Amino acid sequence: MSEKTLRVGILMGSDSDWDKINGVAKALDEFNVGYEIHVMSAHRTPDQVLEYASTAKSRGLRVIIAAAGGAAHLAGVVASHTPLPVIGIPVKTDMMGGLDSLLATVQMPGDVPVATVGTGSGGARNAGLLAVQILALSDETLADAYDDFKRKLVDKIAAKDAAFQAKLSS
């Protein structure tokens, strides 16, 4: 858990998911956003998931990120028990390379939204960045930091293009 004010909850269906999704925490750290991380299973610890999701808002959380593989029901179960925005990270699996997780996470019934990012490390990072964007809607300092991040992306790509154009010219 980080020392910052908690605003994001990160849940994983298994501790073995951490190596696949730790980019979410790295993205939140870049913006100094506080978070907590727990292992919970929609199927093996349903009462803990219910308790966590239903009390998250009153405990100060503003966004929940739920990562799971295979059946990947964690994000949907969390979303059914909280008014907070939920971001699902479909964890890559050996069985179908993450397609199973992606389909389970993205195919939510109407009235129970889950924002779903892609599988792989890019998806985990994007989950963190999406949480920052959501939080930035009501936090001007965070919004300014995210705007700066976006400007730096433009500069980074422009520098890469300039280097590539120079390489083509030689």
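The values are calculated or read from the model by the stated rules, or taken from the named source; none is laboratory data. Fair warning: this is a prediction, and the values are worked out from it, not measured in the lab. Reconstructed Cβ throughout: ideal geometry from the backbone, glycine too, with neighbour counts over all protein chains shown.
Quick notes
- Evaluating Lys92 against the criteria (1) of a type in the set (Lys, Arg); (2) within 24 Å of Asp15 (Cβ to Cβ); (3) at pLDDT 95 or above leaves one unmet condition, (3).
- In region 120-134 there is no residue that is assigned by TED's automatic domain parsing to the domain that holds Asn32, out of contact with any Cys (no Cβ under 7 Å at 6 or more places or on another chain) and part of a loop (DSSP other than H, G, I, E, B).
- Taken over region 100-123, residues that are modelled with pLDDT of 90 or more and closer than 18 Å to Ser14 by Cα amount to 7.
- Restricted to region 103-154, and to residues there that are of a type in the set (A, V, I, L, M, F, W, C), under 14 Å from Pro90 (Cβ atoms) and touching a Lys or Arg at 6+ places or on another chain (Cβ under 9 Å), the residue that is surrounded by the fewest Cβ atoms within 10 Å (Cβ to Cβ) is Val117.
- Qualifying positions in region 54-105 - in a loop (DSSP other than H, G, I, E, B) and polar (S, T, N, Q): Ser58, Thr82, Thr93
- Residue list for region 4-24, restricted to those being assigned to a helix (DSSP H, G or I) and over 20 Å from Thr45 (Cα atoms): Asp19, Lys20, Ile21, Gly23, Val24
- Filtered by the rule that a residue be polar (S, T, N, Q) and touching a Gly at 6+ places or on another chain (Cβ under 8 Å), region 54-107 gives Thr93, Ser101, Thr105.
- Test: residue in region 36-49 that is outside any loop (DSSP other than H, G, I, E, B), touching a residue at least 40 places away in the same chain (Cβ under 8 Å) and surrounded by 15 or more Cβ atoms within 10 Å (Cβ to Cβ): no
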